[in-house]
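The values are calculated or read from the model by the stated rules, or taken from the named source; none is laboratory data. Please read these numbers as outputs of a predicted model, since none were measured by experiment. Note: ideal-geometry Cβ built from the backbone for every residue, glycine included; neighbour counts use all protein chains shown. Heavy atoms of the whole protein, side chains included, go into the accessibility calculation; ligands, DNA and RNA do not. Shrake-Rupley method; radii C 1.70, N 1.55, O 1.52, S 1.80 Å.
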Amino acid sequence: MESFLSSIYTVCKTHESSLEIYCPNHDEPCCSNCASVKHSDCIGLKSIQNVVTTFRKSDYLNDINGRFEVLVNNIDKIRDNRLRNKKEIVEQSAESRCDIKNIRKEINAHLDSLECYLSIKSDEIVEAEKENLDSVLKELEEEKIKMCELRKNFSELKTFGSDLQVYMSSRKVDEIMQAAEEKNKSLIGLERMFDSSLQFKLQPNIKEKLFDLVDVFLKKEKCSFTLESSDLNYRCFQVDRA
């Protein structure tokens, strides 16, 4: 909570003065010095106290809670997808042993060395892919913990913080949540999110080209699920300019 609050400024970074004015044109609070210089041509400047007084009852603040739920749900959805794929390739690896045994019935004398080769390669591929999936799962778990911690901090701040702290922290939370939402969207398009399946291929002329006939490899296909959308406005709370 302390580190979260320390990242939220409630005084002007330039003049180290109290934030007293809100500029709807730039959607930002400012001190009286900035208001007279940077915002001298802006229309509708308001007292920030009037803005933060009604902010706790705004739809924007309520929407943040909804977006927390969407973010955490999307993290769980991606995590479940990776766990499913991890289980599938492990099961496929087990099923591949049966395939190898069926092939061996046809090529008997030539299969002993091939079985060893394919088993080792299969295990290596699966282990390597499991490491990749574990890496994704670890990142997702860390992201979920971070979002849950942020939600907890923000919830506590809404209870114990000042109106100004709540108002300023919501802007910081908004930035963090936007970054997390974009990260989730970009993650879906990465190759590490493609579904993996362990597959074998069989070629003719087994006796002549035994090691070329059957192989094990990892097939990548883009996953087919979509993230839940919050359908919320990403812009900060806007005061009435009338």
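Quick notes on this one:
- Whole-percent carbon and sulfur share, accessible surface of the chain, 1.4 Å: 49
- Computed helical MRE - 222 nm, the chain, DSSP H runs ≥ 4 contributing -39500 (n - 2.57), nearest 500: -21000 deg cm²/dmol
- Considering only L157, L202, L133, the mean-square fluctuation computed in a Gaussian network model of the chain, springs between alpha carbons under 10 angstrom, is largest for L202.
- Among S93, S113, S122, residue whose mean-square fluctuation peaks in a GNM of the chain (springs only between Cα atoms under 10 Å): S113
- Cα-Cα over 31 Å, subset of K138/K222; K77/K219; K46/K77; K138/K220; K105/K219: K46/K77
- In Hz, Karplus ³J(HN,Hα) per residue of region 168-184 (6.51, -1.76, 1.60; θ = phi - 60°; x = Gly, Pro): 5, 5, 5, 5, 5, 4, 4, 5, 5, 5, 4, 4, 5, 5, 5, 5, 4
- D134 sits with roughly 70 Å² accessible to a 1.4 Å probe, with DNA, RNA and ligands left out of the calculation.
- Summing charges over all other residues whose Cβ lies under 13 Å from the Cβ of D163, with Lys and Arg as +1 and Asp and Glu as -1, gives +3.
- Which label in [x] 60; [y] 46; [z] 50 gives the computed percent of Cα pairs over 25 Å apart: [x]
- Positive-end residue, the chain charge dipole about Cα centroid, Cβ charges, pick of F200, L164, V90: L164
- Cross-link partners of K130 among aspartates and glutamates (Cα-Cα below 13 Å; sequence separation of 8 or more within a chain): E88, E91, D195
- For region 1-69: rounded, prolate or oblate by the Cα gyration tensor [a/c cutoff 1.5]: oblate
- Ordered by 1.4 Å accessible area with all protein chains kept, E91, E143, E156 run largest first as E91, E156, E143.
- When C34, C98, C23 are compared by accessible area at a 1.4 angstrom probe, the order from most to least is C98, C34, C23.
- Accessible heavy-atom area order of I103, I89, I120, highest first, probe of 1.4 Å: I120, I103, I89
- Between the amide H of F217 and those of Q199, distances stay under 5 Å, these residues lying 5 or more places away or on another chain, with hydrogens modeled in the peptide plane.
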